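So the structure is just underneath, and the comments pick up after that.
The values are calculated or read from the model by the stated rules, or taken from the named source; none is laboratory data. In this text, all values refer to a predicted model and were calculated from it rather than measured experimentally. Cβ atoms come from the backbone with ideal geometry, glycine included; neighbour counts cover every protein chain shown.
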Amino acid sequence: MTSTTLTTIEPRVTVGRAAPAPYRAIDAFDRSIDLDPRLRELVRIRVSQLNGCAYCLDQHLGDAIAAGEGARRLATLAAWPESIFFTARERAALALTEQVTLIGEQGVTDEVWAAATEHFDDAELVQLLWAVIAINAWNRIAVATHMVPEQ
């Protein structure tokens, strides 16, 4: 039997202490987004997977479970295009989420935008975009500063 040793990662800076006003502002911005809680957590997790943000993955997996998300859907989220567990609406949201997160590679294609507009009205679509932008901001802060989840 092998023992496992957790890797120690030291945070580089405590963001909320070093710059409390912007921290509070991004937190208020994030909280102001009005999107279905389960969909929002799927978006947060998928963006965090793409960005390699362990801190946000840890936080939002717990939030997704608390919002009623199931283990099978969470386990297959990284492979959502091949998974049978996601609705057409969720697929459209996840496709848009990925293209906005990886926007420098190809932008947002007309096909992905059209699919999203089939499932979301303008107000919902903009809320979805803000949700993607917010979690990308958090990921970038967390990865850059080595934020670590509580053990």
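Given the options Arg24, Arg12, name the one that is at pLDDT 95 or above, out of contact with any Pro (no Cβ under 6 Å at 6 or more places or on another chain) and either loosely packed, with under 15 Cβ neighbours inside 10 Å or within 21 Å of Trp130 (Cα to Cα) (or both).
Values: Arg12 fails: at pLDDT 95 or above.
Every option except Arg24 fails the conditions.
Hey, among Ala93, Ala116, which residue is touching a residue at least 40 places away in the same chain (Cβ under 8 Å) and either farther than 23 Å from Ile33 by Cα or of a type in the set (Gly, Ala, Ser) (or both)?
Going through Ala93, Ala116 in turn, just one is touching a residue at least 40 places away in the same chain (Cβ under 8 Å) and either farther than 23 Å from Ile33 by Cα or of a type in the set (Gly, Ala, Ser) (or both): Ala93.
Identify all residues within segment 64-90 that are without any contact (Cβ under 8 Å) to a residue 24 or more places away in the chain, within 23 Å of Met147 (Cβ to Cβ) and surrounded by 12 or more Cβ atoms within 10 Å (Cβ to Cβ); write none if there are none.
Hit for segment 64-90 is Ile65, nothing else.
For segment 92-150, name all the residues that are part of a helix (DSSP H, G or I), of a type in the set (Ser, Thr, Tyr) and surrounded by fewer than 21 Cβ atoms within 10 Å (Cβ to Cβ).
Going through segment 92-150, the residues part of a helix (DSSP H, G or I) turn out to be 92-101, 103-106, 110-119, 122-145.
Then keep just the ones that are of a type in the set (Ser, Thr, Tyr); that gives 97, 101, 117, 145.
Across segment 92-150, the qualifying residues are Thr117, Thr145.
Given the criteria within 27 Å of Ile26 (Cα to Cα) and of a type outside the set (Lys, Arg), does Ala93 qualify?
Details: within 27 Å of Ile26 (Cα to Cα): yes; of a type outside the set (Lys, Arg): yes.
So Ala93 fits the description; yes.
Which pairs turn up if I take residues in segment 30-58 that are at positive phi and look for partners that are hydrophobic (A, V, I, L, M, F, W, C) with beta carbon separation below 7 Å, at least 6 apart in sequence or on another chain?
If the second residue must be hydrophobic (A, V, I, L, M, F, W, C), the pairs left are Gly52/Val143.
Just give me the residues in segment 38-91 being assigned to a loop (DSSP other than H, G, I, E, B), among the acidic types (Asp, Glu) and farther than 24 Å from His119 by Cα, in sequence order. Break it down stepwise before answering.
Initial filter on segment 38-91 (assigned to a loop (DSSP other than H, G, I, E, B)): 52-53, 67-70, 83-87.
Add one more test, that the residue is among the acidic types (Asp, Glu), and what stays is 69.
Within segment 38-91, no residue meets the criteria.
For segment 35-45, check the following and say yes or no: at least one residue is within 20 Å of Val148 (Cβ to Cβ) and either buried (at least 17 other Cβ atoms within 10 Å of the Cβ) or of a type in the set (D, E, K, R) (or both). Walk me through how you get there before you give the answer.
Step one: list which residues in segment 35-45 are within 20 Å of Val148 (Cβ to Cβ), which gives 44-45.
With the extra rule that they be either buried (at least 17 other Cβ atoms within 10 Å of the Cβ) or of a type in the set (D, E, K, R) (or both), the set shrinks to 44-45.
Yes, because at least one residue in segment 35-45 is within 20 Å of Val148 (Cβ to Cβ) and either buried (at least 17 other Cβ atoms within 10 Å of the Cβ) or of a type in the set (D, E, K, R) (or both).
Yes or no: segment 3-21 includes at least one residue that is touching a residue at least 40 places away in the same chain (Cβ under 8 Å) and closer than 27 Å to Thr117 by Cβ.
No, every residue in segment 3-21 fails to be touching a residue at least 40 places away in the same chain (Cβ under 8 Å) and closer than 27 Å to Thr117 by Cβ.
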